[in-house]
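Take a look at the structure below.
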């Protein structure tokens, strides 16, 4: 038995798959025709991070599907976390997607500079919170930054 | 850069960590004292599946925390998927946690027997939907059942 993947719900599967492949380097496991705009059918796009092996499934339900309920933001999904080599460069890329870091409640400003790491939070095109975590070179990594 | 882990929000971090370690065999990466009931502080428990390497973070925010907002079920997190060796035995274990498979909209009954696989959906103690996917021996696996 094993934990196979994590599935998030998306409202535009082509946009979501482009976002995670182009910005974060995830690879599409299946299907081959994920770039085709979806029709009346539900669509599943399975992605995999080639470095860490983490698997993310994008689940799309058209309005006509029994699962095509209103997209309500909730609290069950806290965030997805990416370990980032160059936070500033990534934030620039995300700006091109119209996405900017959010101010957080527990520190000032959109980027948190702490001893040993820097972190920022950005919401993906569907509103899912992404943690972008950069280790400062030469500092001891925090546990959560250890290699998978 | 890599996708590091997936974080879900939980209302009782000890219960949630026990659930995923005892039922599904995930291992606690950190902290060592995860069995201690949480106090006024937020808690993070990082889990890892020893077989697939998938990492799940449990995020707990007490009411006093700036993030201790009401726990509202939403639609962003679709489901977590487990590949299961013995679905019936697992469902029996989950019954001991008071959890039973849900009737789904697209097939009849709580367990779906399809050519090559069987699948059931159960909600974890926080309401997160879990897909439990068993491949029938000797049948060709579906893509989603491929090894990570």
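Of note:
- Unmet requirement for residue A:29, which otherwise passes all of (1) under 13 Å from residue B:3 (Cβ atoms); (2) surrounded by 15 or more Cβ atoms within 10 Å (Cβ to Cβ); (3) modelled with pLDDT under 95: (1)
- Selected residue (criterion: farthest from residue B:75 (Cα to Cα)) from residues of region A:123-135 that are under 9 Å from the mean Cα position of the chain (by Cα) and in a strand (DSSP E or B): A:131
- Contacts under 6 angstrom Cβ, first residue in region A:33-47 being over 24 Å from residue B:105 (Cβ atoms), partner in a loop (DSSP other than H, G, I, E, B), 6 or more apart: A:47/A:26
- Matching residues, region A:2-22, being at the interface with another protein chain (Cβ under 10 Å from one of its Cβ atoms) and surrounded by 19 or more Cβ atoms within 10 Å (Cβ to Cβ): A:2, A:3, A:4, A:5, A:6, A:7, A:8, A:9, A:10, A:20
- Just one of the listed residues (B:83, B:79) is in contact with a strand residue (DSSP E or B) (Cβ under 7 Å, 6 or more places away or on another chain) and in contact (Cβ under 8 Å) with a residue 60 or more places away in the chain, and it is B:83.
The values are calculated or read from the model by the stated rules, or taken from the named source; none is laboratory data. No experiment lies behind these values; they were computed from the predicted model shown. So basically every Cβ, Gly included, is an ideal-geometry build from the backbone, and we count neighbours across all protein chains shown.
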